[in-house]
1. Return yes or no: is Val43 in contact with a Pro (Cβ under 8 Å, 6 or more places away or on another chain), modelled with pLDDT of 95 or more, open to solvent by 20 Å² or more (accessible area, probe 1.4 Å) and not in a loop (DSSP other than H, G, I, E, B)?
2. For region 146-181, what are the residues that are open to solvent by 10 Å² or more (accessible area, probe 1.4 Å), aliphatic (A, V, I, L, M) and not in a loop (DSSP other than H, G, I, E, B)?
3. Any chance you could count how many residues in region 71-84 are without any contact (Cβ under 8 Å) to a residue 24 or more places away in the chain and of a type outside the set (A, V, I, L, M)?
4. Tell me, please, whether a residue that is farther than 26 Å from Met207 by Cβ, modelled with pLDDT under 95 and open to solvent by 50 Å² or more (accessible area, probe 1.4 Å) can be found in region 87-101.
5. Name the one entry in Gly259, Gly196, Gly231 that is on the phi < 0 side of the Ramachandran plot and surrounded by fewer than 19 Cβ atoms within 10 Å (Cβ to Cβ).
6. Do we have any residue at all in region 104-115 that's within 12 Å of the chain's Cα centre (by Cα), open to solvent by 20 Å² or more (accessible area, probe 1.4 Å) and acidic (Asp, Glu)?
7. For region 112-140, what are the residues that are of a type outside the set (Lys, Arg) and touching a Phe, Trp or Tyr at 6+ places or on another chain (Cβ under 8 Å)?
8. Does Ser68 satisfy the criteria of being touching a residue at least 60 places away in the same chain (Cβ under 8 Å), open to solvent by 20 Å² or more (accessible area, probe 1.4 Å) and not hydrophobic (A, V, I, L, M, F, W, C)?
Amino acid sequence: MTENHDSAAALADRLFAEHTEGRQFRPLQGPGRPDSLDGGYRVQELLVRRWVEAGRGVPAGYKIGLTSEAMRAMCKVDQPISGVIFDSTVHRSPARVALADYAHLGIEFELAVEIGTVFQPEDAPFTLDDARDRVAACMPAFELIEDRHADYSDLDVLSCIMDNSWCAGIVLGERRTDWQSLDLADNPVSLRVNDGPPMSAVTGAAMGNPLNSLVWLANQRAAMGTTLEAGMVVMTGSTLATQFPKAGDRFVYEVEGLGTVEAMAV
């Protein structure tokens, strides 16, 4: 076992313990901290392995974060980040999300895609045409974010990557296979929270087109030797500001032409 692997394993053990004990998220500094994003993903992989062994279930897909240029500039990185979704954390709309299950829950508003044809590493690099051809279905979706009361004024992206990019699950709307006629660069979306006025955006808020997010992920994971399997779900990035719900809050998010996804915090 190499020294680098020892350090990565120790950081994964630390993160696993922090989640188990409900500790606040703090940047991982000091000896053993990776000096690259690749090193951060090695820690993430070991943390995911620990969660699988602890019974969280098998990977069901991936999330993509920091899909806007503004967010990447704020976090001082030049690319998005990714994390693993576990099958035990996939919920269907309408969902009731128990706040007690999270240290500090955030909700993000996204387009989810279901992989129809595998992305194998040996076929990389992938293009936008590959993404269009390999998506079986699209769905409006929420991503459930577990930030563990992070201090956003001291946000460290490498530490976030190691912590599985804060992915705590997803809520999926109806699976739709008739999505090809939609202009995903400019397709309207809207969010209503309780009885408040709707908030509007377009699907292209995520990397200009959510399929660009999928291309990025497929190529990133191919470089790591990972296959995106048929049936996996990919969360392509948020279109609106993250919401932090209180008990009783109800969220309805619509992707025009695809329908709605609904969740209530309890």
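1. no
2. Answer for region 146-181, where residues must be open to solvent by 10 Å² or more (accessible area, probe 1.4 Å), aliphatic (A, V, I, L, M) and not in a loop (DSSP other than H, G, I, E, B): Val157, Leu158, Ala168.
3. Looking only at that region, the number is 2.
4. no
5. Gly196
6. Yes.
7. Once the filter is applied, which keeps residues that are of a type outside the set (Lys, Arg) and touching a Phe, Trp or Tyr at 6+ places or on another chain (Cβ under 8 Å), region 112-140 yields Phe119, Phe126, Asp130, Val135, Ala137, Cys138, Pro140.
8. In short, yes.
The values are calculated or read from the model by the stated rules, or taken from the named source; none is laboratory data. Note that the structure is a prediction, hence the values are computed from the model and not measured. For neighbour counting, all protein chains shown are included, and Cβ atoms are generated from backbone atoms with ideal geometry for every residue, glycine included. With ligands, DNA and RNA removed, areas are computed over all heavy atoms of the protein, side chains included. Shrake-Rupley method; radii C 1.70, N 1.55, O 1.52, S 1.80 Å.
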